[in-house]
1. Provide the FRET efficiency to the nearest 0.05 for the GLU263-ARG133 pair, computing r from the beta carbons and using R0 = 35 Å.
2. 7 Å from Cα along Cα→Cβ at both ALA113 and LYS172: what's the point-to-point distance in nm?
3. Could you sort 232-245, 141-154 so that the peptide with the highest average Cβ count within 10 Å comes first and the rest follow in order?
4. Expected output is a single nm value to one decimal: the length gained when fully extending between LYS200 and GLU85, i.e. 0.36 nm times separation in residues minus the C-alpha distance. What is it?
5. Can you check how the C-alpha radius of gyration of the chain compares to 2.2 N^0.38 Å, as a plain ratio?
6. Only sites in a loop by DSSP and with at most 16 other Cβ atoms within 10 Å count here; which GluC sites (Glu not before Pro) in region 351-398 make the cut?
7. Sort out for me the Cα centre separation of region 380-398 from region 342-377, rounded to whole Å.
8. Rounded to the nearest 500, what is the 222 nm mean residue ellipticity of the chain from helices alone, with -39500 (n - 2.57) per DSSP H run of 4+ residues and division by all residues?
Amino acid sequence: MNVLIINAGSSSLKYQLFDMKTETVIAKGQCERIGIDGHLKHSPLVGGKPVYEEDIDLPTHSEAIAAVLEKLASAEYGVVSDLNEIGAVGHRVLHGGQKFSESVLIDDAVISAIEDNVPLGPLHNPANLMGIRACQKVMPGVKQVAVFDTAFHQTMPEKAYIYAIPYEYYTKYNVRRYGFHGTSHRYVSGEAIKMLGGKKNSRIITCHLGNGSSIAAILDGKCVDTTMGLTPLEGLPMGTRSGSIDPAIIEFVANHEGLSREEIFDILNKKSGVLGISGVSSDFRDIEGAAHEGNHRAALSLDVFRYNVAKYIGSYFAVLGGADAIVFTAGLGENSAELRESVANQLSGFGVKIDAEKNKTRGKQIDISTPDSSVKVFIIPTNEELVIARDTKSIVEK
Ligand code: ADP
């Protein structure tokens, strides 16, 4: 079966087509500027066909999906001979709220539940719904599955997800910790358990470190705590997000700078994190470069980020009663040897030791701990799309 994976944003739509016999991606691409003018880049990965890239009219997500399907089956750029060869569609959906602890077949009730969660994911859920509705319109009869970023974290105990604010905000508005990057934490923790030889009651700390970053504590394959909260703003400092700060700063800065609530939250989401501290960039490669050239604020922003990564990992040793493995994944976690070295050094008191040679590895699943390290340290490249494709296949085949 071929499974089409869709990640719909408000003006963009990324896709990958998987051949599930081999679990390989046979085509991928991206629509951009939907509703503005429109641009499609489509890359066939089998059959030696050329890449297609053009500005085309994409007034809505429906035209975008139609354009993607047309390319997937076209003589010149296609990878299937007939659209019937696409057996199912899997959608990445940001917020499943408390309703979804696993992936589900999409029907009217699921759509209205995703709608109910729009207040919790005001930017993403409406866009995800546009992707779902567009597929329903353009590919009627093809089964669709929703895979939620929050679902894996639904196993957290109450004490980990309840905030210490008046309880009625939880009962009235569902204000609680949800956590994100769940598909990634689930995938890499599953791989880590395999690398631990299927150990029972394994204690794993997964670090998804990219532009957006979160860490999760995983006991026997189930999430028991994670750093992101009601929204992806909580926890670690990130590329442009502040992560956790003293909430009093919001009023303090708003008063001094004469800013509205919206302006403050825009700053916390888009102008903070390592960008805010360094003033250089939100991209860690640029910041590492500037730090090497002696830029103090760039070096400081890296210090703050790495220190916080180690601090949260340390707190998850307490949550889990120790750890069998720490996993590094996503853009930074998979690629930055400097980051892993610095975090491991900060954790040396827990007996964490990594091998300097093995730490140079990039983009490969590997154990980089030394034989005498008390905790395994793994690099595991994440593969959220594969998880979405596998869930989609197994749900539609039920
Ligand atoms: P997103 O959250 O957007 O999916 P990614 O997981 O792709 O992000 O991570 C992007 C981040 O990873 C960027 O800040 C980038 O600088 C960083 N990164 C990628 N490669 C390297 C590298 N070799 N060294 C340091 N940082 C890297």
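Derivation of every value follows stated rules applied to the coordinates shown; laboratory data play no part. Please read these numbers as outputs of a predicted model, since none were measured by experiment. Here the Cβ is made from the backbone with ideal geometry for all residues, glycine too, and neighbour counts use every protein chain on show.
1. Working: r = 32 Å, r/R0 = 0.93.
According to the calculation, E is roughly 0.60.
2. 2.6 nm
3. Numbers: 232-245: 21.3, 141-154: 23.4.
Sorting 232-245, 141-154 by mean packing, highest first, produces 141-154, 232-245.
4. Values: separation 115, 0.36 × 115 = 41.40 nm, distance 3.98 nm.
Difference between extended and current length: 37.4 nm.
5. Details: Rg = 21.7 Å, N = 398, 2.2 N^0.38 = 21.4 Å.
The reported ratio for this selection is 1.01.
6. On the way: sites: GLU357, GLU384, GLU385, GLU397; in loops: GLU357.
Here the GluC sites (Glu not before Pro) that fit, given the DSSP loop and packing criteria, are GLU357.
7. 29 Å
8. Details: 14 runs with 150 residues, N = 398.
Value at 222 nm, helices only: -11500 deg cm²/dmol.
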